[in-house]
Structures are given as C-alpha cells and as structure tokens.
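Here the structure comes first, spelled out in structure tokens, and everything after it is commentary.
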Amino acid sequence: MTIKKFQGKTEEEATAKAKEEFGPQTVIMNVKEIKPKGFFRSFRSSTYEVTAAIEENETTTKGYSSLPQIGNINVTADEPISIPKPEPVKEKLGTIGNPWGTPMNPVDLKEKKKENNLEEKLETLQSLLEKKLVPQEHREEVLPQEVPMDENLKFIKMIYGILLENEVDEKYVNQIMDEVETVMKGGASVDLILSSIYQKMILKFGQPQPIELTEKKPKVVFFIGPTGVGKTTTIAKIASRFKVEKGKKVALFTADTYRIAAAEQLRTYANILDTPLNIIYSPQELKEELKKLEDYDLVLVDTSGFSHKNEEQRDETKELINKVPKEYEKEVYLVLSATTKYRDLIEIANMYKEHFQFRMIFTKLDETSCLGNILNMKLYTGADLSYLTSGQNVPDDIELFNTQKIVKLLLGGK
C-alpha cells in the first residue's frame, strides 16, 4: 500500500489531485484543514490536506496469492480482545472533514451486505485470538481466506480513522500501516490484518519496565516532571506497594522546596506508611542522608515540578541527580499527564531527554478518553514505559503498564 499526502485550496481540489495520481481506486484516509498562521491569518483562506492510499497491485491482482497460516502469527496477549461493532464510523461518515475521508453515498444492498459481513468478522476476532493462545498441538488448522481488496481497504480506512480519533500522530499511523503492508496484499482476511496491526502495536510499546530492587542498597529513584502531573501522589502509591505489599524498607525524600504544601503532602503519606521523610536542600545534603539509610531497600525522591521552560530549576534537578554517589544505583522516571497536549509533551520531553535517561509514567488516565499520546511519546522518545495511574486513591489507582489493554483501547476495543 502506498500512502501519500496531497494539498489543495479546497478538500475537493486536494482529493482530485490524489485521484489524478493514484486513479479512481484511491482511498481517502484522512482530511485535515490547515488554518493560516501569522499576523495576516484573518485575510487568508484555509488549505486542505488529504491523506490518500492505494494498493500498489490494485490493477493486477485478480487472482490472489496463497497466504501464510493464521497460526503462524505470534500474537502476544494475556487476555482476549473484544472489538466492538464500528457504529461510530457510521455516525461520523458524512460530516465535514471527518477522519475517515469524504462523505459516502448511500450504499446499495450489495454494499450493505459487505458492511454487515465486516462487522461479523470483527466480532470473531476475540475467538481468533483465543485460539492463538492454545498450545500449538491443540490448534485446529485454519485455512487462509481470500477477501476482496476493496473490503480490506475499507477496513484499513476504518482502523486508520480510529487511531487518529484516539490522537495517535498521523505519521505513526502511516508507519504502522506501512509495516503491515505485506499482510494487506493478496486478499488477506480482516482477522489477519487486524491481528497483524495489533501485533505491530504491541511490539512498538515494548515490555513495561517497573522499579526492580537489586542487592545494592538503597536504590535511589527520582521522579521528575512538570507541576501538577501527580508526582507526589504517584510516589506515595509506589511507596505503599513496596512497603505494605512487598515488605521492603522504604524512605521518602523531597527536593521540592518551592511549593510550601509539597513537603506536607508527602509527610502525610510518610506518616501513614510509617516511613521516614527527609527534605533535601542541596546535593551534598542528599549524599549525607543516603549514608544513614544503608539498610533501606528503596529511596524515592520527589523533585520540584516546574515549567519545561524554566532552565534554572531544570539545572538544579540535573545537579541533584548527577551528584548521587556511584555506589548507589539510581533511576529516573519522567511523570507525564495523559491529558497534556501532544505538542507540550514533546517540549517537555525535549527538555529532559537532553540531560536524563528516563522511563515514563503516565498519570490521569481517568481524565481522558484519548490515549494516543502514550504511543506517540513512546515512539518519539524511545523511553521505556513503566506505570499508569488513574485516580487519587493510594495505593489502588496505579498499575504496571498493560500493553495489551492499551492497544485494545487504541483500536476501539473496551
């Protein structure tokens, strides 16, 4: 499949350019209005960008090549997937600039039958993936099915739109589609295409990396990030997990001396957990306090939250982390809110990744319905994902990053 963008003064002009190059079989994946910028923007008109796709062998594939067995695909999942019927697509088709392309004309009975068949295929995905989890010797042989190419393109277009609606960056959506292109060719079944997309997304997220203790004591873990993302509450949740559930000796440090209430909030959690709390004013003081905790397993350090544009506070945090003696093992976790705009997340990440090697924790998942930024930041930074939080309850509202669950949600599942 070839995916390319075309621009025009109107949506129709951009679409016409796409069809002129790709032909009448062009599939419009996305339509985006580009508003003018600058002082004279009120005097300028918007332009339109159309993302179009075409199957490279569209005109030559009358007889479809044989496909690999579905059982050959290694889909890693710890629970079955349930993808709902795509009713939202029907609601949004026909709206101006909808993410699935231009409005569709009323379909005839034949087209209606194809749509119903597509929904049935989506419903069978759960049983397909359950079969993949059965040991190889107990699996029934599944023969490849040939599916008309236009039906596959409609399905891919739907998945494309769902990912964009979940605010996955369009360049990453195109990247995923490019990587499963070989599966799309030759009349592959909808189940096989969806399984391949699912698998690619699982691989892109990678394995979650939690805090793991070693024989070196204590392990020093820093939490960095902007103000208001929930660093202090996240620290309390993690401290509770290690202290209460795992029986480890945990100490809390705070270097956030800018906010008056910050230390008191952490002190409240420390009192509840019956764990020591130290306020750190300098790197030298951090070194001295660590020497007193040689029999502790874990030290969690809360740093001051600040704007990603505040270089002075960033440098203070950098010095604090870099001054940890080499005999201590240290890790840095960048805490980000899932509600933050992607553009701001990029600026935040750019500020920190120049100075720290970090893993990422995403908070406030309960305050948004779009989780695409998690995938965006994973691919943008290359940093490992660690924990997710979804509320204020300590220690309940935290979990290790669940790759399968997030991918299902991004693909429109529940």
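Distance distribution note for region 269-414: the fraction of Cα pairs above 25 angstrom is 38%. Over 28 Å between Cα atoms, which of Lys9/Lys204; Lys157/Lys341; Lys292/Lys326; Lys291/Lys364 qualify? Result: Lys9/Lys204; Lys291/Lys364 exceed 28 Å.
At a 1.4 Å probe radius, carbon and sulfur cover how many percent of the accessible area of region 277-410? Using a 1.4 Å probe with all protein chains present, region 277-410 comes out at 41 percent carbon and sulfur. Report note on the peptides 192-203, 393-404, 318-329, 231-242: ranked by the mean count of other C-beta atoms within 10 Å, highest first, their order is 231-242, 192-203, 393-404, 318-329.
How much accessible area per residue does region 337-389 have, counting only protein heavy atoms and a probe of 1.4 Å, in square angstrom?
39 Å²
Solvent-accessible area assigned to carbon and sulfur over region 168-262 amounts to 49 percent, based on a 1.4 Å probe. With 25 Å as the limit on Cα-Cα distance, the pairs of Lys216/Lys243; Lys231/Lys405; Lys17/Lys408 that go past it are Lys17/Lys408.
The values are calculated or read from the model by the stated rules, or taken from the named source; none is laboratory data. Keep in mind that this is a model prediction, so the values were computed, not measured. Neighbour counts are summed over all protein chains in view; Cβ atoms, including those assigned to glycine, are modelled from backbone coordinates with ideal geometry. For accessibility, only protein heavy atoms count, side chains too; no ligands or nucleic acids. Shrake-Rupley method; radii C 1.70, N 1.55, O 1.52, S 1.80 Å.
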